[in-house]
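Student: Below is a structure I'd like to ask you about.
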Amino acid sequence: MAVATICFKTCYKDMCVCYNSVGCLMRPYKSIFKCASFLRSISANSSEREKSSSKFVLKSSSREKQLQSLDTYFSKFKGNTDQYSSPSSATRDELSHSTKYFVENEQAKVDVYGGLKNGYDETSGLYLISAMTSINIAVYLFEIASPVKNSDLDLFSLPALYGAKINHLIIYGEWWRLLTPMFLHTGMLHMGLGCWILLTFGPQVCRAYGPFTFFLIYILGGLSGNLTSFLHTPDPTVGGTGPEFGIIGAWLIYHYQNKDAMSKDFFESMYQKALIATALGFVLSAFGPIDDWTHFVALFTGIAYGFLTCPSLQTESGEENGMTLTGFGGNVDPCKSFVFFSIFVLVLSSLLLVFEPPVGSLALDTLV
């Protein structure tokens, strides 16, 4: 908005002087007031001269009226400018508030990709992941330190001998062998793969679902994988990477359900790592007592369990500014997670009533 040029012409004898006042938004008052003061001083000087000459009396009174009308105009102009400035200030405050809200939501979206999450206890999640990794490393070191020679089971350590999935002994009553294989590994590469997956995908799943649900996903992935191997093959197996594939499955379904609020580049990077982990898992199964079905079913179980417990991000569009704002649903309710965990355990246990596990030709008395 700009104010048109105001020209006031004053004539003195044979000379005419035109005084211009240009108002603009950047300098609305200064030039106007200077012009008004200058005109008043000219009017005062001219009035003194006109007192000595009667022929300028009428012109002087006319000039005073013009100055009064000009002062009135300036007063109105000042009031209009003040009214204009107030909405402008309010608009700037509104835009500042909107920008701040937008930046905060963008920062929150970045946190979901790989950073902190509202309501998430970073310390407890870090302790849990570190504890699970430490247990796997400690058990593997115990395997190295306790070799067993002349084993008919091709299991060459005490932890593997007393904790591996062996169908005969599970039928005989050693049911814990459906859980303990999730902490056993066949070598350095197998253990390294499990720890790498846990440290790569564990923090993401722990942030999304919460530490308690993350722990249930870990246990459920190992249990489902070992149970499937029990029903699938009579060969002794270990399943140290089964829980990690359950974590990958939960991570995949979380990003799929919230793909509109996720970073595409971050997802592609993590998806490539998931493919690499899957390929390495199938390669290692060819060199040790690892069942591929353990990985496959653990991955599927993680997807199914994650689908039922996955927290959803709520996306809303702002009407005033036309911006997309993202809110957070928080971590999963522990009670809800435990209820679904119990349902999954019951469903998996019911498979034992439907399918008969295969038993190899190994004599039972050689295992007792």
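Student: Can you list the residues, at least 5 places off or on another chain, whose amide H is less than 5 Å from the amide H of Thr237, using H built in the peptide plane?
Tutor: Amide H neighbours of Thr237, under 5 Å, 5+ apart: Lys165.
Student: Arranged from highest to lowest average of other beta-carbon atoms within 10 Å per residue, in what order do the peptides 213-220, 246-253, 182-189 appear? Working shown, then result.
Tutor: Values: 213-220: 23.6, 246-253: 26.2, 182-189: 20.4.
Top to bottom by mean Cβ count within 10 Å: 246-253, 213-220, 182-189.
Student: Determine the per residue accessible area of the stretch 176-318 with all protein chains present and a 1.4 angstrom probe, expressed in square angstrom. Spell out each step's value before the answer.
Tutor: On the way: 5460 Å² over 143 residues.
I get 38 Å² per residue for this part.
Student: What does the highest-first list of 350-359, 289-298 look like by mean Cβ count within 10 Å? The partial results should precede the final answer.
Tutor: Working: 350-359: 11.5, 289-298: 23.8.
So the order, starting with the most tightly packed, is 289-298, 350-359.
Student: Taking the Cα-to-Cβ direction at Ser124 and at Ser263 and moving 7 Å from each Cα, how far apart do the two end points lie in nm?
Tutor: Inter-label distance under the simple model: 2.6 nm.
Student: What shape does the stretch 124-211 have by the C-alpha gyration tensor, where a ≥ b ≥ c are the square roots of the eigenvalues, rounded means a/c under 1.5, and otherwise prolate means a/b greater than b/c and oblate the rest?
Tutor: On the way: a/c = 2.88, a/b = 1.75, b/c = 1.64.
Judged from the Cα gyration tensor, the stretch 124-211 comes out prolate (a/c at least 1.5, a/b above b/c).
Student: Roughly how many percent of the accessible protein surface of the stretch 238-292 is carbon and sulfur, given a 1.4 Å probe and a whole-percent answer?
Tutor: Details: 1500 of 2440 Å².
Here carbon and sulfur together make up 61 percent of the probe-accessible area.
Student: Ser342 versus Ile171, label points 7 Å from Cα toward the beta carbon: distance in nm?
Tutor: Result for the modelled spin labels: 3.2 nm.
Student: Quick check on the stretch 166-208: take the gyration tensor over C-alpha atoms, sort the square-rooted eigenvalues as a ≥ b ≥ c, and tell me if it's rounded (a/c under 1.5), prolate or oblate.
Tutor: Numbers: a/c = 6.01, a/b = 1.90, b/c = 3.16.
Cα axes put the stretch 166-208 in the oblate bin.
Student: Going by the alpha-carbon gyration tensor, a ≥ b ≥ c the square roots of its eigenvalues, is the stretch 131-283 rounded (a/c under 1.5) or, if a/c is not under 1.5, prolate (a/b greater than b/c) versus oblate? Could you put the intermediate results ahead of the total?
Tutor: Details: a/c = 2.28, a/b = 1.92, b/c = 1.19.
Prolate, since a/c reaches 1.5 and a/b exceeds b/c.
Student: Still on this model: Net charge near Leu227: determine it from the other residues with C-beta under 13 Å of the C-beta of Leu227, scoring Lys and Arg +1 and Asp and Glu -1. Please report the intermediate quantities before stating the final value.
Tutor: Details: positive: Lys165, Arg177; negative: Asp291.
Value of the local net charge: +1.
The values are calculated or read from the model by the stated rules, or taken from the named source; none is laboratory data. The shown structure was predicted, so the numbers you read here are calculated from the model rather than taken from an experiment. Here the Cβ is made from the backbone with ideal geometry for all residues, glycine too, and neighbour counts use every protein chain on show. Heads up: the accessible areas ignore ligands, DNA and RNA and are worked out on the full protein's heavy atoms, side chains in. Shrake-Rupley method; radii C 1.70, N 1.55, O 1.52, S 1.80 Å.
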